[in-house]
């Protein structure tokens, strides 16, 4: 049976690095948008990218891949709820790995990227972040202070 792990954290927190280091199959909307050569900002394109990501997640679960990771910010409970609901629909275990990397380190790492996220976006996300809790529907939440 598949176990789903949902990554949670700011840009630059180490989510993608952690996911790619620990999971054989990772669904990442950012990767999907890059594969198609599109960028976020256009609501219609964003909707299509997210639909592909959710479809890929469902396919991985239906194929019974043992460990599937969904890698995106998930800094709000509402964003996580869609993924938790998919896991519950299939009756699988759903974990969360919350990378609580210090804000300054996220900014530093982001500055090293070829295509950095605007600092104002990270600041807004930081101020609006809702830390994940098991009560949302996770079987477990693991918080890592820095990866």
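The values are calculated or read from the model by the stated rules, or taken from the named source; none is laboratory data. Quick caveat: nothing in here was measured; it's all calculated off a predicted structure. Neighbour counts run over all protein chains shown; Cβ positions are idealised from the backbone, glycine included.
Numbers at a glance
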{"item": "Matching option when the condition is loosely packed, with under 14 Cβ neighbours inside 10 Å, in contact (Cβ under 8 Å) with a residue 60 or more places away in the chain and not in a helix (DSSP H, G or I), among 1, 7", "result": "1"}
{"item": "Residue in the stretch 27-46 that is in contact (Cβ under 8 Å) with a residue 40 or more places away in the chain and not in a helix (DSSP H, G or I) present", "result": "yes"}
{"item": "Cross-chain or 6+ apart pairs with Cβ under 6 Å, the stretch 125-138 first and on the phi > 0 side of the Ramachandran plot and surrounded by 15 or more Cβ atoms within 10 Å (Cβ to Cβ), then at pLDDT 95 or above and part of a helix (DSSP H, G or I)", "result": "137/84"}
{"item": "Hey, residue 56 crowded, with 17+ Cβ neighbours inside 10 Å, outside any loop (DSSP other than H, G, I, E, B) and without any contact (Cβ under 8 Å) to a residue 40 or more places away in the chain or not", "result": "yes"}
{"item": "Residue match in the stretch 95-104 (condition: touching a helix residue (DSSP H, G or I) at 6+ places or on another chain (Cβ under 9 Å), touching a residue at least 60 places away in the same chain (Cβ under 8 Å), closer than 30 Å to residue 1 by Cβ and not in a strand (DSSP E or B))", "result": "no"}
